[in-house]
Every structure is written in C-alpha cells, then in structure tokens.
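Bear in mind that the values in this text are calculations on the coordinates, not laboratory data. If you're wondering where the values come from, they're calculated on a predicted model, not measured in any experiment. Backbone-built Cβ (ideal geometry, glycine too); neighbour counts: all protein chains shown.
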Number of protein chains: 2
Amino acid sequence: MPNDIDNDKKYWVGFDLGGTKMLSTVYNKQFELCGKHRTKTKGHDGSKAGVNRMINTIRQSIVDADIAVKDISGIGIGCPGPLDLDRGILESAPNLGWTNVAIKDSLEDELNCGVHLMNDVDAGVYGEYRFGAGQNCRTIVGVFPGTGIGGGCVYDGKILRGAKSTCMEIGHMQVVPDGPLCGCGKRGCLEAVASRLVIASQAAAAAYRGQAPHLMQNQGTDISRIRSGALKEAIHSGDAVIDQIVRNAARYIGIAVANIVHLLAPDKIILGGGMVEALPDLFVTEVKKIAVARVLPSFIDSFDVVAAELGDLASVLGAAAWAERSTDGSA
Amino acid sequence: MPNDIDNDKKYWVGFDLGGTKMLSTVYNKQFELCGKHRTKTKGHDGSKAGVNRMINTIRQSIVDADIAVKDISGIGIGCPGPLDLDRGILESAPNLGWTNVAIKDSLEDELNCGVHLMNDVDAGVYGEYRFGAGQNCRTIVGVFPGTGIGGGCVYDGKILRGAKSTCMEIGHMQVVPDGPLCGCGKRGCLEAVASRLVIASQAAAAAYRGQAPHLMQNQGTDISRIRSGALKEAIHSGDAVIDQIVRNAARYIGIAVANIVHLLAPDKIILGGGMVEALPDLFVTEVKKIAVARVLPSFIDSFDVVAAELGDLASVLGAAAWAERSTDGSA
C-alpha cells in the first residue's frame, strides 16, 4: 500500500523472527502500518541463508510500503533467545538450529540503519504497553502461556532487563514443590503445570478415558493436534472436563501472578498468546480470582488482569517502537 | 564529634524510625558519619508526640555533629510502611499505633529542608547498594528474614517502586501451596515457613521434646526469648536439630531467591537482618545452594548470594544517600 505521510522520511521496521515464519512490517512516525511481508523461516537451511531471508523479507516489506531503504530510521527485531543485546547476537535458537548469529552486524551492513535486537516476548509486551492493553500504565507484566510460558515487564517505560539481558522467566517460577517434571529438568515450575503443552496432554488423557467425547471425536489423542482452537471448541461443545483442566492451569498462573504482584506491583498483568486469545474470559477470570485471593489487602486494588489486545501484531509493533525509542537514545 | 569538612556545608541526615527506638545520623558529602542521636520511639505516646521526638532527635544529632540546622541539605527517613511516598505520609504503622502521619510536612516546617520518606527495608537495601555488599552492581535484591521477611530491590541505581509505592513483598510469595497459615491470613507464604518467628517456634517445640538440650537449658520454650543469638548459641553448643530447623528455613528462602532470579536476574542477592548476622555462613551457603540448583542453567553464573555488610547502619546510610539522590533530582 502506498504511503502518504513521508514528510521527513522517518519509518521504522518491526520484525518478528518466528520458528516457522518471519514477518517484517514498516510503520510511519505515527505507527500506522505502511507495508509488510511474510516468509517461511526455514531454520534448517542454516543461519547464513536465514539472515539473507531476513534481509530480503525486510526489503520486500519496504517495497510493499512504497518507500526506499534509505527512508528507514531503524529496525527492531524480536528474536527467540538467549541474546547478546549489546552486540546484537542471537546466541542460540534451538528451534532454528542456529548459534551465535551476528544479526545486528549483518543487517546493519546491508541496510545502513540501526538494528536493535530484543527478546520476542519483550517485543510483544512493549507493543501492548505502547499501543495495546498496557497504554498509560507505569508498569506492566505480560504473561504468555504457550508451549512454554513466557513473560516480560515494562517498568517505568523501559523493558526490564536482567544481569545477562534475560529476565522475567515466569515459566520457571516454582509453584508446586516436588511437582511435575519441567522441560528445564527441574520440578514444579509454572510451565510444568500450566503450559498449553501440559493442558493438551491432560486433555488427551481425558479424551482417552472417554471423559471428553467432543475432543476425542474431533482431534483424537495426539497432543500435537490439541491446540488452542481445539480446546475452545471442546469446551463450547460441552466437554466439561476440558474446561476444568484449563481452569486448573489458569489457577496456577494466578498464583504466579500473585507472586509477581507482591514483587513488582505492576498496574496491569496482561495475558496473551493463542490460548488466551481462544479463551480470554476463562483465563482473565480465573487468574484474577486467584491472584486477588492471594495478595495482601493493600495490593488488591492496585492491579488489574486483562487480555492482550494486539494479537500477532504486538511483537512487530513493539519491535518497531523499541527501535524508535533506542534511536532516540532513551532506551 | 566535630567535623572538619564543611567547605560547602552539605550534610545529609539519615533517620531510622524503628518500633522501639529511633536513630538520627548526620553525614557529610563523603558520607562520613559526623553525628548521631538515638531515642526511644514510645509509639504509644501518639503520633504528635512521636513526630516531636523525631524532630528533637534530628536536632540532637545535628548538635552532635557540631553543625547547625541550616547546614543540612536534606533528610531521608526510613519508615515502616505503608507510606504515601509522594506526599510523605506514613499511612499506617501498627507497631506504633500511628495512622496518617504527615511526617514530611511536619519535619519540613520545622527544619527547612527537603524530607524524603522511604520504606525502611528499601533504605537498608539502598545503603548496601551505595556503601556495602551491593556496590558496583546494576541490580540487587535484599532479603531480610526477621519477625517477617522483608525485601527490597535497587534496579539500575534506583529503588524499585510499585503501583502504590510498596513492592518486593518477598515474605508473601507462596512457596508451599496449602502450606502453614501466615500472619497475613493466607497459606504457604515464605514468611510462614522461614521467618525468625517460625524458626523460633519450631525450635521451642524441639526444646520441649528434649531434642535441643542447650536451647532448653538457656532459653526454655518461650519463643519471645529465642532470638538470633540464642539460635546461634544452641547450634554452636551442639543442638543439631536447631541447625536442621534453620537450614530448612534457609532452603525455602533459596526457592524464593530462585524465583526472584528468574524474574529480575539481579547481580546479587543480599541477605541481611539479625538472624543472618548471627549465622551468615549457614544462610549464604544454603540459600545459594538451593537457588543455584533451581535456576535455569543460563542464570547459574549470573548472580551471587552474599551477606549484608553494614548491619544497622545500612538503613540510615541508605536514607541519607537517597535524600542526596532525590535532592539531585535523579531519584
């Protein structure tokens, strides 16, 4: 789509490097979408081919915006971690099979503007902070239950950063001592009792036992088929046990949220990801109920639990806006 | 003691309002102690008398420093909470029986300089950050097990603040679902399994059972007599069960610390308070062991667990230094 507002040629690219696809978007100064392009990631082709695909995808989105590479002020890249933020290196992405990829240097060489790497969950949380459910808040925490459970925090307008860049690993907060084994090798992590993967496996067991006839009929017992939409469908069709399984997981998230409220006292907890998008009321209701019941009285009215508003666009918007903030020198 | 460095008359008062006593200290620009005065708090005399005692105590410490009230650039006050930081109001201090005390306004009227209220635990953590175990760190978290378990965080040079000013309520993180009842009315909080009060009550039970003969002989079974020094003495005299009780509590703190590392990724966790001062090696060893065993591999080398270095002076130093920082406009 052509773009009308190019008085000072300030455009920002927001990019999301996903496990199966990559998305590049171009925004103008007002953060209106001017162009985009999506490509398969094909991580197995290797990181060199992958970085070239990233560059081409960005170029295509710039063409789609009907502008030129020289009009781009900066590029924000949401990546799976761990990252070396200062040097702009993707240290390891097991999903892609990539290690130590100098994304920032490679892209800056080709595209002649500042490139800012960031954790993909942080990008999504920052997007919600700037343009979505977290607007006008001082502090927000995003919780995204998926295959794992990701988290991020914007504190006082900036993304909260840890000693080695990564933090807000909400999925590995222990909520059940000696609880189920987690993918990380420890026991009782939030991820081990409340991720979509755990919900799917419990749902498959219920289907196998004959307790979830609709799920059984539509998806069978293969957990790779039991995704967010399937859970929603089963619940709406009357598989009460699936409703119970999801609510039980949401309650563990509520305990973790109460712990986070006690520590960080954010204004808002924003729940996002495919499962929350499929069942927003269930998640918001259960998480809030448990969190309110767990926190000290003085915190009860200090926070709210809400669903994310921007869906898949949160991370590209957040990456583009973070590139702007980083370029202005205030990040 | 008289003071030699008064070239530009910049002195800071650091004040600690405790449940039984109040302490006022005067520091010069280099944060060398120039004067101090300690008074009983006598909270039951009411807040008006209490504020007058605060003002008199500050005046006495100024006299002790051999300077005048006009030489004071600012005053930092570490208070029990909850506080309204912006308006400088102590909203409620159950220990003192005070509610809604306009400390900032009252002191500013009398002493003609900026008064900065802060949470007393935050003051201690900030003191350690500036002058003690947390120097040269980007982010530190202080954990102070006492009657309850207090916490504070300095993030990027500033005290971490929540939506309603208070945060880092580490003592109310849930570590045991459906665990023992906590003073807050909820179950399984860290305080309910690891505070000095809980340790003392478990120690008294052990003494009653005949498992802790030294403790029994020296203190009996009254938990109000089983303070940090008594625990240390019992352990050093050979009451092995007391050692086990304290270590068990420290391990719960280790779980909470692992959760905090996953969320905030601080450089250092600083353990403080009377119990840690009495048994620093035990606490540092057990907390670190459990935390290291619980965190994701990428976090293992990212943090250290250490004992606080400044003892009681941490909070007055921190309050004075925070007054300086707030006066400079950077807080």
Original post:
Using Cα pairs under 8 angstrom and six or more residues apart, how large is the relative contact order of region A:136-307, in percent?
Top reply: 23
**OP:** Please report the relative contact order for chain B, taking Cα pairs under 8 Å with a sequence separation of at least 6, and give it as a percent rounded to a whole number.
**Re:** 19
Subject >> Cβ-defined net charge surrounding A:GLY254, 11 Å radius [Lys, Arg +1; Asp, Glu -1] >> reply: +4
Original post:
Summing -39500 (n - 2.57) over the DSSP H runs of n ≥ 4 in chain B and dividing by its residue number, what mean residue ellipticity at 222 nm do you reach, to the nearest 500 deg cm²/dmol?
Top reply: -12500 deg cm²/dmol
**OP:** Would you order A:PHE299, B:PHE131, B:PHE15 from fewest to most other beta-carbon atoms within 10 Å of each residue's own beta-carbon?
**Re:** B:PHE131, A:PHE299, B:PHE15
**OP:** Only Lys, Arg, Asp and Glu count, each charged at its Cβ (+1, +1, -1, -1), so figure out the dipole size of chain B about its Cα centre, rounded to 20 debye.
**Re:** 720
Subject >> Rounded, prolate or oblate (a/c below 1.5 giving rounded, otherwise prolate when a/b exceeds b/c) for chain A by Cα gyration tensor >> reply: prolate
**OP:** Rank the residues B:HIS44, A:HIS172 as a footprinting-exposure proxy: fewest other Cβ atoms within 10 Å of their Cβ go first.
**Re:** B:HIS44, A:HIS172
Original post:
Taking square-rooted eigenvalues a ≥ b ≥ c of the alpha carbon gyration tensor, is the protein assembly as shown rounded, prolate or oblate, where a/c under 1.5 means rounded and, failing that, a/b exceeding b/c means prolate?
Top reply: oblate
Original post:
Using the alpha-carbon atoms, what tilt in degrees (0 to 90, nearest 10) does helix A:280-294 show relative to the longest principal axis of chain A?
Top reply: 70
Original post:
For the pair B:SER201 and A:LYS40, what calculated FRET efficiency results from E = 1/(1 + (r/R0)^6), where r is the Cβ-Cβ distance and R0 = 51 Å, to the nearest 0.05?
Top reply: 0.25
Original post:
GNM on chain A, C-alpha springs below 10 Å: top fluctuator among A:VAL101, A:VAL13, A:VAL176?
Top reply: A:VAL176
**OP:** List the distances, in nm to one decimal, from the label point of A:ARG209 to the label points of the same position in every other copy, shortest first, placing each label point 7 Å from Cα along the Cα-to-Cβ direction.
**Re:** 3.7
**OP:** Quick one: work out the % antiparallel among DSSP beta bridges in chain B, nearest 5.
**Re:** 60
Original post:
Each label point is 7 Å from the Cα along the Cα-to-Cβ direction; what then is the distance between the points at B:GLU108 and B:GLN135, in nm?
Top reply: 3.3
Original post:
Given charges of +1 on the Cβ of Lys and Arg and -1 on the Cβ of Asp and Glu, with all other atoms neutral, how large is the dipole of region B:136-307 about its Cα centre, in debye to the nearest 20?
Top reply: 320
Original post:
Taking the label point 7 Å from Cα in the Cβ direction, how far apart in nm is B:ASP86 from each other copy of itself, listed shortest first?
Top reply: 3.6
Subject >> Farthest toward positive dipole pole in region B:229-331 [+1 Lys/Arg, -1 Asp/Glu at C-beta], among B:ALA323, B:GLY238, B:PHE299 >> reply: B:PHE299
Subject >> Filter on B:LYS29/B:LYS70; A:LYS158/B:LYS268; B:LYS186/B:LYS232 - keep pairs with C-alpha separation over 24 Å >> reply: B:LYS186/B:LYS232
**OP:** Arrange the following residues from fewest to most other Cβ atoms within 10 Å of their Cβ: B:THR221, A:THR20.
**Re:** A:THR20, B:THR221
Original post:
What dipole magnitude, in Debye to the nearest 20, does the protein assembly as shown give about its Cα centre under +1 on Lys/Arg Cβ and -1 on Asp/Glu Cβ?
Top reply: 1340
Subject >> Mean separation of Cα contacts under 8 Å (6+ apart) over length of region A:171-251, as relative contact order % >> reply: 23
Original post:
Shape of region A:65-200 from its Cα gyration tensor (a ≥ b ≥ c, root eigenvalues): rounded if a/c is under 1.5, otherwise prolate when a/b > b/c, or oblate?
Top reply: prolate
**OP:** Would you mind listing the distances between the A:SER224 label point and the same position in each other copy? Use 7 Å along Cα-to-C-beta, nm, one decimal, shortest first.
**Re:** 6.7
